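The values are calculated or read from the model by the stated rules, or taken from the named source; none is laboratory data. A quick note: this is a predicted structure, and the numbers were derived from the prediction, not measured. Cβ: placed from backbone, ideal geometry, glycine included. Neighbour counts: every protein chain shown.
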Amino acid sequence: MKRLVDAGGSLSGAWLRLLALSGAVALPTGAMAGTGQPSPWQIGLQTQVTPIGEYAQWFHDALLMPIITVVSLFVLLLLVLVAVKFNAKKNPVPSKTTHHAGLEVAWTLIPVLILVVIAVPSFRLLKDQIVVPKADLTIKATGYAWYWKFAYPQDAGGFEFEVRMLSDEERAKAVADGKGKKEDFPRLLAVDNEVVVPVNKVVAVQVTAGDVLHAFAVPSFTVKVDAVPGRLNQTWFKATKEGIYYGQCSELCGKDHAFMPLAIRVVSQAKYDAWLADAKKKFARIDHAPVQTAHSEVTR
Ligand SMILES: [Cu+2]
């Protein structure tokens with residue numbers, strides 16, 4: 001028993017060291033990740049501001065990173081062992097061993113067990129992303145080559161507007177005009193019209209495309225869904241922190257694929273109401289109701 005405890009003790013020590021190593025790899029996620037946009041030298045995910053995003057971040061940092069680190073180091077160890085111990089020089093007469101029942105069972109069962117451990121939170125995350133809860137606000141995003149169009153259907157304001165990237169000249173002009181500081185207009189991300197939504201509210205996003213394939217993605221929300229012409233996809237998010245969160249088209253869609261960002265500004269209910277009143281006057285009116293998908297019927 002004592003021997004077992006000792007062996008277990010040193011083993012868990014080794015595992016702890018490995019975990020710490022993987023932690024060192026995963027550390028920049030929290031320390032250097034940008035909120036709402038990438039930051040220089042960032043390695044991990046952007047800071048997450050939705051419950052689903054936080055869960056995805058935990059899944060990545062606490063489960064996937066340690067597992068892949070331990071597996072990679074273990075395989076490296078085996079390769080080094082094989083190269084050192086079983087090379088031709090050291091074994092002039094090759095071994096005739098062809099199989100080992102215990103080993104074969106182990107290298108089948110252990111990966112299966114690892115996959116089961118990963119599958120449980122993975123399926124939970126998938127289910128939470130796919131099943132849209134009762135939405136407080138439904139908006140529609142349509143991808144075009146190469147800009148976005150956002151619609152706030154009739155029950156949410158009844159207007160639509162286009163979102164286009166600001167060029168370097170437009171960004172410089174915005175700063176010169178005193179509309180904000182330089183960092184308020186990040187390169188390749190700043191847009192002319194921001195999508196504004198209230199904080200702590202479930203926002204359903206219906207996503208489609210008007211010409212070719214695009215994809216609606218906002219890294220800080222862990223949201224990514226294909227925008228397909230003739231098909232209505234749906235996703236959702238509930239941002240719990242006010243701020244501005246940038247997204248980009250995530251489907252190679254043509255020459256300006258890299259230049260069709262979108263920006264979602266999450267604000268308090270009062271600020272949202274004020275923006276809505278303004279936006280109703282400013283943007284083109286639409287009078288069609290939100291499209292009810294079979295999926296949204298089921299989940300509401
Ligand atoms: Cu695109």
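Scan the stretch 122-138 and tell me whether some residue there is part of a strand (DSSP E or B) and either in contact with a Cys (Cβ under 9 Å, 6 or more places away or on another chain) or aliphatic (A, V, I, L, M) (or both). Talk me through it step by step, then tell me what you get.
Taking the stretch 122-138 first, the residues part of a strand (DSSP E or B) are 137-138.
Applying the additional criterion that residues be either in contact with a Cys (Cβ under 9 Å, 6 or more places away or on another chain) or aliphatic (A, V, I, L, M) (or both) yields 137.
Yes, there is a match, as at least one residue in the stretch 122-138 is part of a strand (DSSP E or B) and either in contact with a Cys (Cβ under 9 Å, 6 or more places away or on another chain) or aliphatic (A, V, I, L, M) (or both).
How about the stretch 95-125: which of its residues are within 23 Å of the chain's Cα centre (by Cα) and polar (S, T, N, Q)?
Ser122 - this is the single residue of the stretch 95-125 that is within 23 Å of the chain's Cα centre (by Cα) and polar (S, T, N, Q).
Can you work out which of the residues in the stretch 155-169 that are under 24 Å from Thr142 (Cα atoms) and exposed (fewer than 15 other Cβ atoms within 10 Å of the Cβ) is farthest from the chain's Cα centre (by Cα)?
Asp155
Residues that are of a type in the set (D, E, K, R), within 16 Å of the ligand (Cβ to nearest atom) and touching a His at 6+ places or on another chain (Cβ under 9 Å), at least 1 per element: which strands (runs of 3 or more DSSP E) completely within the stretch 164-264 meet that?
Here the list reads 223-227.
Take Ala279 and decide whether it is touching a strand residue (DSSP E or B) at 6+ places or on another chain (Cβ under 7 Å), away from the ligand (no atom under 16 Å from the Cβ) and more than 23 Å from Val199 (Cβ to Cβ).
Details: touching a strand residue (DSSP E or B) at 6+ places or on another chain (Cβ under 7 Å): yes; away from the ligand (no atom under 16 Å from the Cβ): yes; more than 23 Å from Val199 (Cβ to Cβ): no.
Considered against the rule, which asks whether it is touching a strand residue (DSSP E or B) at 6+ places or on another chain (Cβ under 7 Å), away from the ligand (no atom under 16 Å from the Cβ) and more than 23 Å from Val199 (Cβ to Cβ), Ala279 comes out as no.
Which of the numbered conditions does Leu64 fail, given that it passes all the others? Conditions: (1) part of a helix (DSSP H, G or I); (2) at pLDDT below 90; (3) within 16 Å of the chain's Cα centre (by Cα).
(2)
Hey, among Val93, Val132, Val105, Val120, which residue is within 30 Å of Phe159 (Cα to Cα) and β-branched (Val, Ile, Thr)?
The unique qualifying residue is Val132.
Please state which of the following conditions Pro153 fails to meet, knowing it meets all the rest: (1) touching a residue at least 40 places away in the same chain (Cβ under 8 Å); (2) away from the ligand (no atom under 16 Å from the Cβ); (3) in contact with a Phe, Trp or Tyr (Cβ under 8 Å, 6 or more places away or on another chain).
Pro153 satisfies every listed condition except (3).
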